[in-house]
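Report on the following structure.
The values are calculated or read from the model by the stated rules, or taken from the named source; none is laboratory data. The shown structure was predicted, so the numbers you read here are calculated from the model rather than taken from an experiment. Every residue, glycine as well, gets a Cβ built from its backbone with ideal geometry; the counts of neighbours run over all protein chains shown.
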Amino acid sequence: MEQPPDKFRPAKIVKFFHQGGYGFVRDQAGHDIYFHVDEVRFVGPKADRSFVAEGADVGIDVGRTSRGLRVTRLKIY
């Protein structure tokens, strides 16, 4: 049986500050979007903050806040 396509927006982690627990992902359109590990819901087999690293390919869901776009769900590939 064929698996459904991944519904996440493709992106890459471009900056991650371990001590602060926050960083930025860049989507395919070139937009940098903020995330914080305490505010993100991790999904998938690597659903743990220990896999967060600069250069990692990820899938994201985003939400709009009063401070702009934020990553709400993060899937690390």
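Applying the selection to segment 54-72, what residues are surrounded by 12 or more Cβ atoms within 10 Å (Cβ to Cβ) and part of a loop (DSSP other than H, G, I, E, B)? Listed by number, the residues that qualify are Glu54, Ala56. Among the residues of segment 7-30, those identified as surrounded by 13 or more Cβ atoms within 10 Å (Cβ to Cβ) and assigned to a loop (DSSP other than H, G, I, E, B) are Phe8, Gly21. Residue count for segment 36-62 satisfying the condition of being under 15 Å from Phe8 (Cα atoms), at pLDDT 95 or above, out of contact with any Gly (no Cβ under 9 Å at 6 or more places or on another chain) and not basic (Lys, Arg): 8. Among the conditions (1) part of a loop (DSSP other than H, G, I, E, B); (2) without any contact (Cβ under 8 Å) to a residue 24 or more places away in the chain; (3) within 17 Å of His18 (Cβ to Cβ), the only one that Ser50 does not satisfy is (1).
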